[in-house]
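Here the structure comes first, spelled out in structure tokens, and everything after it is commentary.
The values are calculated or read from the model by the stated rules, or taken from the named source; none is laboratory data. Only a predicted model underlies this, so the values are computations on that prediction, with no experimental measurement involved. Backbone-built Cβ (ideal geometry, glycine too); neighbour counts: all protein chains shown. Just the protein is used for accessible areas: all its heavy atoms, side chains included, with ligands, DNA and RNA removed. Shrake-Rupley method; radii C 1.70, N 1.55, O 1.52, S 1.80 Å.
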Amino acid sequence: MKAAFYERKGAAREVLRVGERPLPTPGAGEVRVRIHVSAVNPSDTKSRSGLRVKEMPFPIVIPHQDGAGVVDAVGDGVDPSRVGERVWVYEANLGRPFGTAAQYTTVPAHKAVPLPDPVGFDAGACLGIPAMTAHRCVFADGPVADRTVLVQGGAGAVGYYAVQMAKLGGARVIATVSRDAQAERAREAGADEVVNYRTEDVVARVRALCGAQAPLDRVVEVAFGANLRADIDLLRPGAVIATYASDAAPEPAVPFWPLLSKDLTVRFVLVYAMPDDAHVQAARWIGEALARGQLRHQVFRHFALDDIAAAHEATESMSNVGKVLVDVD
């Protein structure tokens, strides 16, 4: 099969190669998926670059956690009727050497989730890590109906889904962005209000919108260190910050007494460490929303598999609005 892979960590153009690799065989409890579209997540580029872990986990790594395609073979214990099923795939590369940047990959059967017929493979590839992270951030601490939710970074990969999920859950949603293009995407996702944090004081603006000193019930947070003080100021007693990312440096300091004085909860969300039932709940919710045609997806650009280095660089630039996808066909 044709695949992208690397044998050492480093810059995309220095280490990524495209060539022939052996066709994988599904083991017990696994399915093999013919991948049509693979998605690039920031965690994929960080793993390849060695940002946090320098050592190679396996001698050869085919990158990417997320993708979409068609089940073409099953292992022992998997219903043979799944062959031919359209699926979206998540965490293909978690603890495994071969991800979705290839014509075929194998995953545990539950990580290949049925993709409704009207939903394209590009949309399916967008889901995975971002959508499951968003679901955990929005719903892990209970329903959001009639609540006010602030999504920091409402046009990002996670934030775009979080805005939609909170809105579908019945919340009033406020999103922060940094430029006009992002504001358009946040409104498209369903945000009731959009605040540009580069030109507006977020705390003052949210209070002006909501008419209360501490109007927020939940914050979905992409920049924990930078925004923590503002989040604390805006949250009601007993509210929740669900954070999935923070500033690169320095490591955030936790203001113990301000958090304590409001009895606030800080939920740290890492999709790779989420319990199994959280994955199941997220996959079910996403599947039902897809079947109802309720989820939007934002794609920045498609790259060919031969141009995977450019796809990684586009993801690393952080200037694009939308998902970077790799066409494997």
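The table below lists the values:
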{"quantity": "Charge-dipole axis of the chain as Lys and Arg at +1 and Asp and Glu at -1 on Cβ define it, positive-most pick from A226, T106, G27", "calculated": "A226"}
{"quantity": "Phi to ³J(HN,Hα) by Karplus 6.51 cos²θ - 1.76 cosθ + 1.60 over region 303-308, Hz, x for Gly, Pro", "calculated": "10, 6, 4, 5, 9, 4"}
{"quantity": "For V151, distant residues with modelled amide H under 5 Å away", "calculated": "I174, A175, T176, V220"}
{"quantity": "Listed residue pairs exceeding 28 Å between alpha carbons, taken from K167/K262; K46/K167; K2/K46; K46/K262", "calculated": "K46/K167; K46/K262"}
{"quantity": "Fluctuation leader among P26, P57, P114 - the chain, Gaussian network, Cα springs under 10 angstrom", "calculated": "P57"}
{"quantity": "Region 151-168 - phi-based ³J(HN,Hα) in whole Hz, Karplus 6.51/-1.76/1.60, Gly and Pro as x", "calculated": "10, 6, x, x, 10, x, 4, 7, x, 4, 6, 4, 4, 4, 5, 4, 5, 5"}
{"quantity": "Accessible area expressed per residue, the chain, with surrounding protein chains retained (probe 1.4 Å, Å²)", "calculated": "43 Å²"}
{"quantity": "Apportionment of accessible area to carbon and sulfur, the chain, percent (1.4 Å)", "calculated": "51 percent"}
{"quantity": "Anchor K9: aspartates and glutamates whose Cα lies under 14 Å away (excluding residues fewer than 8 positions away in-chain)", "calculated": "D44, E55"}
{"quantity": "Estimated distance in nm for a label pair at D277 and D247, the labels positioned 7 Å out from Cα along Cα-to-Cβ", "calculated": "3.7 nm"}
{"quantity": "Lys, Arg +1 and Asp, Glu -1 on Cβ, resulting dipole of the chain about Cα centre, debye, nearest 20", "calculated": "280 debye"}
{"quantity": "Amide proton proximity set for E85, modelled H, under 5 Å, gap of 5+", "calculated": "V71"}
{"quantity": "Signed unit charges on C-beta, dipole axis of the chain, positive-most listed residue N93, P63, Y244", "calculated": "Y244"}
{"quantity": "Inter-label distance, nm, simple model (7 Å from Cα along the C-beta direction), L94/D117", "calculated": "3.1 nm"}
{"quantity": "Interchain or long-range residues, amide H under 5 Å from G50's placed H", "calculated": "G10"}
{"quantity": "Pairwise centroid distance, computed over Cα atoms, of region 285-329 with region 113-191, Å", "calculated": "15 Å"}
{"quantity": "Alpha-carbon centroid distance for the pair region 229-250 / region 1-31, whole angstrom", "calculated": "38 Å"}
{"quantity": "With at most 14 other Cβ atoms within 10 Å, longest stretch of the chain clear of loop trypsin sites (Lys or Arg not before Pro) (DSSP)", "calculated": "55-178"}
